[in-house]
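Inspection log for the structure reproduced underneath, given as structure tokens.
Every number in this text was worked out from the coordinates using simple rules, so none of it is lab data. Since the model is a prediction, treat every value here as computed from it, not as a measurement. Cβ atoms come from the backbone with ideal geometry, glycine included; neighbour counts cover every protein chain shown.
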Amino acid sequence: MSSSSITLKGSYTVRPSEPTLSEWDQFGIITHVPTIYFYRPPQNWLTPPIKIATTLKDSLSKVLVHFYPLAGRLQWKTNGRFELECNAKGAQFIEAESSSTLSDFRDFSSSSKNDYRNLFPFVDYTLPIEELPLVIIQLTNFKCGGISISMLVSHAVVDGRSASHFFCEWAQLARGEPLNRVPFLHSNMLNDGKSCNGVKEWNFSELPVLLGNLKSNVEKKKNKTTVAKVKVSKIQVEKLRKIANESWNKSSNDRSYSRYETITGHLWRSACKARGHENDQPTWLGVSVDWRSRVKPNLSKEYFGNATMDVMATSLAGDLISKPLGYASSRIREAIEKVDDDYVRMVSECIKKQDDLTKFQNLDEVVSGNIVPFYKNPNLGVISWLTLPLHGLDFGWGKAVYMEPGIHEIYEGESLILPTLHDDGSLLIFICLQEVYMDAFKRYFYEGIELDTVVK
């Protein structure tokens, strides 16, 4: 699309409409997870931009009463730990105007990093973290009458499921309806910890590096990266699942490989091929596992906070490339299935006993004050949004016509899988690789399953 100008119209602090009185401890990275929703001009012309903004701010102040941790601020403690102070300082709400129209986005098919950048709030991570809101919203009005709502939510406080829960309830209140699912807030769910044995691989600082000359590895890390957005049709997904399930021996009691296990295995193999790994190159794949239903008793589905854990599927690149797709899927399943009640409690206890949590965080690269996950070459991280209620968010003037994660915040080696807007079984995949490998990745990814569905 052609470049457009953005004019900021105002910035407000939206506080809960009632007092909040709780605080809890948390740790993690201080980045915000960005998503954006686009809306066509409201059919009801009694909904002018000023009314839309007022509706959003009023309902945001109400929903923050129930999701009060998001109205607080983080504080550094010591050695990589955060404290969340529920001080009701509120969310930031920004109003902006754009000289663009929705049609300028070419039906949202572009994968350019810059298309939506101005539609997201800028976050100055050089500021002290106690000055950074945990929720930042930008409402942008286009000259055609359409709007976008971009949302940044602190990853240190909530995971994707909790963030999605918050968005849905906010929209519910904006439509004048009562809260649908009250969040379950509890900061200490795992009181009886286990021994720390068996969680060594959870240490991200031990991820494999490229074999060969270390100096050349450093230089390769500086290579320019790019993000591709690729679409996989339902037919292609099922074809890959059939290949995976028929190509690797499983016992008669094993269930079929899931969409995630299949697509992620295919991504892993394709990335190894594109990156030109040697056969003896170790490679790890990070999987984010939601453990709400994996502990006993299960956590409430409305549990609000972070309830995900990264685990690693491991292999040699040569095995991934030479063996069939089902092998890669089996390695991913093995990593996921070890996350049971005992394992979650072991990790929890291990975290509690650490004097310094920074050793569980990658310090390889810091961007704007943020610790960047180390899923770089030769590794990969694949996050699933397949089960989240992402599309059709309705604040009262119609359902969103498109949503997308903030792809300019994806770092090299990271990828994300989500359903398409029409929920027809097709998937969208966002993946960030070094630019020199991206064309080869697309070629290997579509090899044998058609080549005409890459989103340009």
Q) Cα centroids of segment 118-140 and segment 279-339: how far apart, whole angstrom? A) 32
**Q.** THR314 paired with ASN180, simple spin-label distance in nm, labels 7 Å along Cα-to-beta-carbon
**A.** 4.2
Q.
For the ranges 155-165, 420-430, what's the packing order if you count other beta-carbon atoms within 10 Å of each residue, average per peptide, and put the highest first?
A. 155-165, 420-430
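How much net charge surrounds ALA174 when only other residues with a Cβ under 14 Å from its Cβ are counted (Lys, Arg +1; Asp, Glu -1)?
Working: positive: LYS51, LYS57, LYS62, ARG175, LYS399; negative: ASP58, GLU169, GLU177, ASP394.
Charge balance in the 14 Å sphere: +1.
Trypsin sites (Lys or Arg not before Pro) within segment 275-311: which are DSSP loop residues with at most 13 other Cβ atoms inside 10 Å?
Values: sites: ARG275, ARG292, ARG294, LYS301; in loops: ARG292, ARG294, LYS301.
Filter output for segment 275-311: LYS301.
Could you sort out which of LYS242/LYS323; LYS77/LYS338; LYS239/LYS442; LYS301/LYS353; LYS234/LYS338 sit more than 23 Å apart by Cα distance in this structure? Before the final figure, lay out the partial values.
Values: LYS242/LYS323 16 Å; LYS77/LYS338 32 Å; LYS239/LYS442 17 Å; LYS301/LYS353 28 Å; LYS234/LYS338 29 Å.
Result: LYS77/LYS338; LYS301/LYS353; LYS234/LYS338 exceed 23 Å.
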Q | Distance (nanometres) between label positions extended 7 Å along Cα→Cβ at THR78 and GLU206 | A | 2.6
